[in-house]
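Comments concern the structure below.
The values are calculated or read from the model by the stated rules, or taken from the named source; none is laboratory data. Note that the structure is a prediction, hence the values are computed from the model and not measured. Backbone-built Cβ (ideal geometry, glycine too); neighbour counts: all protein chains shown. To get the accessible areas, we keep the full protein, side chains included, count just its heavy atoms, and leave off ligands, DNA and RNA. Shrake-Rupley method; radii C 1.70, N 1.55, O 1.52, S 1.80 Å.
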Amino acid sequence: CYRVPGFLAISSSVTVRFAVFATPLSAVTADSNAGEALCEKHSDQPALERYAALSKEPGEPGWKARYRAAECEALLFRYLEAATRMQEAELPKDLLWKGRFLLLRAELGREYLNQYGGSLPKETEEGVADPARKTAAAWHKDIRAQYTELVQLESTLRERTLASESYFVETEKRDTSAYPTLWDFAVFRATDYLLSESPAPAVGARPAPERF
């Protein structure tokens, strides 16, 4: 599937507690495996439909399915829908999963801006909640907020090697020596955004140069 651009895959040995109303684990696993098979065949719409249904599951199965559903939407060039899906999702309490969600939120926002930023409204429309009417400035504000929130997860992300995130980050045939952990990768992506995509702050908002 999509993976985060630049490169952004789930551990198979995870203990999950289900609510009493949840789909049986065997059915969830079967549907998830079917979704993975469709992804591998680049059948993104059928895969999206499966993952969208599974995203209602509690805990890790639901988080994984929502993540994959957003990736499928991105592969279908539905960047707004993908970004909206992740923005509307409640952030997991699990810190590692929270970091994955924040990173994907930021990346999908960047992709949407890269494709459609030039045609977005210049001014905010009062009382309008339609994501398609958000200004580029509002998108950039959200992206910066997501990268900023990742700072609070540094210790958790430092404990996770990037090699172990191959379900979420495209690492195959790539040199990851410069960012061996998920934290290093998050810093790399945030720095890339700040240097190449984030609008320069107003003069009055810049730090005094003598402090450096």
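Quick check on S164: is it touching a helix residue (DSSP H, G or I) at 6+ places or on another chain (Cβ under 9 Å), at negative phi, small (G, A, S) and surrounded by 14 or more Cβ atoms within 10 Å (Cβ to Cβ)? Quick ask: steps written out before the conclusion?
Working: touching a helix residue (DSSP H, G or I) at 6+ places or on another chain (Cβ under 9 Å): yes; at negative phi: yes; small (G, A, S): yes; surrounded by 14 or more Cβ atoms within 10 Å (Cβ to Cβ): yes.
Here the answer is yes, as S164 does meet what is asked.
P92 meets each of the listed conditions (1) touching a helix residue (DSSP H, G or I) at 6+ places or on another chain (Cβ under 8 Å); (2) part of a helix (DSSP H, G or I) apart from (2). Hey, can you tell me all the residues within the stretch 189-200 that are surrounded by 15 or more Cβ atoms within 10 Å (Cβ to Cβ) and either under 17 Å from the mean Cα position of the chain (by Cα) or at pLDDT 95 or above (or both)? Listed by number, the residues that qualify are R189, A190, Y193.
Residue-wise test of (1) within 30 Å of R50 (Cα to Cα); (2) open to solvent by less than 10 Å² (accessible area, probe 1.4 Å); (3) assigned to a helix (DSSP H, G or I).
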position	(1), (2), (3)
R68	yes, yes, yes
M86	yes, yes, yes
V151	no, no, yes
T171	yes, no, no
D175	no, no, no
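Residue count for the stretch 157-169, restricted to those that are within 11 Å of R100 (Cα to Cα) and part of a helix (DSSP H, G or I): 2.
Check E90, E149 and return the single one that is of a type in the set (D, E) and under 22 Å from L194 (Cβ atoms). Explain how you work it out, then say what you get.
Details: E90 fails: under 22 Å from L194 (Cβ atoms).
From the options E90, E149, the qualifying one is E149.
Do we find a residue being open to solvent by less than 70 Å² (accessible area, probe 1.4 Å) and within 14 Å of the chain's Cα centre (by Cα) anywhere in the stretch 112-129? Yes - at least one qualifying residue is present in the stretch 112-129.
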